[in-house]
Each structure stands twice: as C-alpha cells, then as structure tokens.
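The values are calculated or read from the model by the stated rules, or taken from the named source; none is laboratory data. Model, not experiment: these values are computed from the prediction. Heads up, the Cβs are rebuilt from the backbone with ideal geometry, glycines too, and the neighbour counts pull from every protein chain shown.
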Ligand code: AMP
C-alpha cells in the first residue's frame, strides 16, 4: 500500500530524528539524489531497504557541482512525482532542504575532492567533484546514516566518495549499486528526458558500443587502444561527434591501461545534441591460463 513519505525541510530536525531512531537500534540508510527520480534511484532505495530499517532519501539540486553554463537552472525538478514514487517504499524519510540550509549565508568552507577526481569527469568539469564532495559530506552530517547507497552509473563519483570517506575518517559504509538500464540498454538518467526521440536513438549507441566491447574482451581482445578506437569510431559513425572521453581503466585508480589483463572499467562521456551523457561498464577478461 502506498504510504506518503515523511518530509523534512530542516536538516537539524532530520538529524535529531535519525539519532533517535539509531538509539532505538535502527540501522539507517541514506540515498542522496538530485530528484527527477527514476528506477535507477529507486533501486538504491530498494537496496537500502534490504539491510536498513529506515531509508532517508535526500532531494537537492546542488548548485556548487554545476559550472556556469551547465544545466543547473533547467535541471528537472519534479518533487510531487518523486514523492509519489517514494510512497511505494516504507519507511522512507525525505529531506528537501532549501539551498541556504545546506549553504548557510557567508559560508566559504568547501571540500577539495580526492585525487581520484582529477581525470575523466574532473578534466572536463573541473569544479564538479569539489561540489559533489562538499554536498555529500554535508549530507553525511545532517543525515548521519550507517550506510549510504550510490550508483555505479556515476562510477567516478562513487570512487570520489569512497576515497573521501576513507581520507576524512567519516564513519559511514559506502555501498555501490549496479546501473539500471532501460530495456534497450540505455542507462537511466534524469537527463534522458532532455533527449528528443531521434537523439534517444542515437544515444543508444553508447551502451551498445560498451556492450560490444565487453563481448570483444570476453573473447580475448587485450589491446585497450584498439578497443578505444573502435568505440570512438562507432560513436562517430552513429553521429556522436562530441566525445569527451573513452577510457579503459583500472577500476580502482581509474588510470588508463594499455593491455587488458585484469578487471577494467570502460567509461564514456559524450554529448548527444545538447545533452551530456555518461555510461560505463565493468569487465573481467577471461582467465589467461
Ligand atoms: P543523481 O540524482 O543523478 O545525482 O543520482 C543520485 C544517485 O542515483 C547517484 O548515486 C547515482 O549514481 C544514482 N543513479 C543515477 N542513475 C542511476 C542508474 N541508472 N542506475 C543506478 N543508479 C543510478
């Protein structure tokens, strides 16, 4: 039965209630989001519910992770629909803080994201991960959960959070959850709603080329350069010309590999029309002996 989630606007009120729940023995899970929820977000809530007694979802479009000219002002804000989707889960609390509750007037302190933030997204969106690390640490303060759930969809983001939590001794377990895709393979994203039907068809080539590359690695391909070039060519052939990066990298360090000998992550960022999309896949090559 649908149960409307309990909504908090005041971080201090949420923190007090979480502390009380924990004192009474409840394990609390946290799912940070920017709203415009889809099944990818809901899979994180479902994962939290497997191991936690109470799940806190935060909905906050964080201004500091958007550079001027990015889509902060037009980012989809669909609070009523989000609450409706969350009412399928119980018990869920939702924090919808005003901007000045998360960034008090005159605040100037920010988190410098760990080194893992520098390549890939960090090279194309230089302020992005400092903004992400800052807001996520603040959310960990106002929602001091036992575990926080993040999607592999934003692979480098979850690596940034893992390293930040390690470096700053934050007492929270970080749980990585798999990418949820549409039936045709497109990775779910709040930004997919910007795509026209034609652009969506073109965007499908991103997941398709990743999937094909997985098949090639599973059949024994080992040259990262050859595979990167094939992805690049297949995206360009499909009409995707603004490719920020195609990377085949170590899943831990995100350093590019030349020869695929162990697990790798393949990451792509590209623009389809005006919409910047990211996707990735983890691959284990066949054993060599
Ligand atoms: P966002 O609202 O885009 O900031 O995303 C909030 C959380 O949902 C992040 O941990 C994302 O990685 C995760 N997420 C977004 N899309 C997906 C997806 N398709 N599958 C799994 N998790 C996702």
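Please name all residue pairs, on different chains or six or more residues apart, with Cβ atoms under 7 Å, provided the first residue is in region 248-259 and is on the phi > 0 side of the Ramachandran plot and the second residue is surrounded by 12 or more Cβ atoms within 10 Å (Cβ to Cβ).
254/116; 254/119; 254/120; 254/156; 254/159
Would you point out which residue out of 122, 131 is modelled with pLDDT of 95 or more, touching a helix residue (DSSP H, G or I) at 6+ places or on another chain (Cβ under 6 Å) and more than 23 Å from residue 281 (Cα to Cα)?
131
Under the condition of being touching a residue at least 24 places away in the same chain (Cβ under 8 Å) and within 18 Å of residue 235 (Cβ to Cβ), which residue from region 156-191 is surrounded by the fewest Cβ atoms within 10 Å (Cβ to Cβ)?
Going through the qualifying residues, I end up with 185.
How many residues are in contact with a helix residue (DSSP H, G or I) (Cβ under 6 Å, 6 or more places away or on another chain) and within 16 Å of the ligand (Cβ to nearest atom) when one looks only at region 1-39?
The number of residues fulfilling the criteria is 7.
Step by step: first the residues of region 46-60, then only those that are in contact with a helix residue (DSSP H, G or I) (Cβ under 7 Å, 6 or more places away or on another chain) and free of Cβ contacts under 8 Å to residues at least 60 places away in the same chain, then the one that is farthest from residue 93 (Cα to Cα). Which residue is that?
59
For region 95-153, give me every one of the helices (runs of 4 or more DSSP H) that falls completely inside it and has 2 or more residues that are out of contact with any strand residue (DSSP E or B) (no Cβ under 6 Å at 6 or more places or on another chain) and loosely packed, with under 13 Cβ neighbours inside 10 Å.
99-102
Restricting to region 135-155, and then to whatever is over 19 Å from residue 95 (Cβ atoms) and out of contact with any helix residue (DSSP H, G or I) (no Cβ under 7 Å at 6 or more places or on another chain), can you tell me which residue is farthest from the ligand (Cβ to nearest atom)?
Within region 135-155, the match that is farthest from the ligand (Cβ to nearest atom) is 155.
Only one residue in 158, 170 is touching a helix residue (DSSP H, G or I) at 6+ places or on another chain (Cβ under 7 Å) and within 14 Å of the ligand (Cβ to nearest atom), so which one is that?
Being touching a helix residue (DSSP H, G or I) at 6+ places or on another chain (Cβ under 7 Å) and within 14 Å of the ligand (Cβ to nearest atom) holds for just one of 158, 170, which is 158.
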